[in-house]
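Bear in mind that the values in this text are calculations on the coordinates, not laboratory data. Given the structure is predicted, the values throughout are model-derived calculations rather than measurements. Neighbour counts are summed over all protein chains in view; Cβ atoms, including those assigned to glycine, are modelled from backbone coordinates with ideal geometry.
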């Protein structure tokens, strides 16, 4: 018979109830950062929209939680801890239906979704990556590629100086 002390049980319960740590193998979190899809993010306000040409050739909606929205509106940099920025992307496709109404090819719309990305500000947890943790999700599931996640911080390091590693600007 194996005896388990109350301390072992308490430690196991605490571990089971704690959020995923950065770099965990949590199935719902991104590799390296442990970022998860925030509940209700589709109801967040729009910060901006974008069209990315080149290889991505997509259209994007950039959303933010209340902390991110306030920081964008007030120009607060660095962003405060707790700010979360969501980037939703879709294939950029022409709309023959709309073009028929306009009488010429000119309308482009969101096609099939490509992915959703999140940037989460936590200066202590993500100190090694400028205070930001990242996650990319396809069909509601995290992209499990650690190699992909390792490209996030270096890419964001190219954002304009003074913008706290963020590419997006608030579109009033």
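Pick from the range 68-99 the residues that are over 18 Å from the mean Cα position of the chain (by Cα) and over 25 Å from residue 52 (Cα atoms): which of them is surrounded by the most Cβ atoms within 10 Å (Cβ to Cβ)? Here the answer is 76. Residues that are closer than 12 Å to residue 119 by Cβ and either touching a strand residue (DSSP E or B) at 6+ places or on another chain (Cβ under 6 Å) or surrounded by 13 or more Cβ atoms within 10 Å (Cβ to Cβ) (or both) occur at least once in the range 45-52. What is the one condition in (1) in contact with a helix residue (DSSP H, G or I) (Cβ under 7 Å, 6 or more places away or on another chain); (2) without any contact (Cβ under 8 Å) to a residue 60 or more places away in the chain; (3) surrounded by 13 or more Cβ atoms within 10 Å (Cβ to Cβ) that residue 170 does not satisfy? All conditions pass for residue 170, except number (2). Of all residues in the range 30-65, those that are free of Cβ contacts under 8 Å to residues at least 12 places away in the same chain and over 30 Å from residue 107 (Cβ atoms) total 2. A Cβ distance below 6 Å, combined with a sequence gap of six or more or placement on separate chains, defines the contacts here; from the range 131-158, residues that are buried (at least 16 other Cβ atoms within 10 Å of the Cβ) reach residues that are part of a helix (DSSP H, G or I) in the pairs 134/152; 153/129. Just to be sure, is residue 36 within 17 Å of the chain's Cα centre (by Cα) and surrounded by fewer than 14 Cβ atoms within 10 Å (Cβ to Cβ)? Taking the combined requirement at face value, the residue does not satisfy it.
Filtering the range 56-65 for residues that are touching a helix residue (DSSP H, G or I) at 6+ places or on another chain (Cβ under 9 Å), in a loop (DSSP other than H, G, I, E, B) and within 24 Å of residue 43 (Cα to Cα) leaves a non-empty set.
Among strands (runs of 3 or more DSSP E) lying entirely in the range 81-172, which contain 1 or more residues that are more than 22 Å from residue 39 (Cα to Cα)?
Details: elements: 84-94, 108-121, 132-138.
Counting at least 1 such residues, we get 84-94, 108-121.
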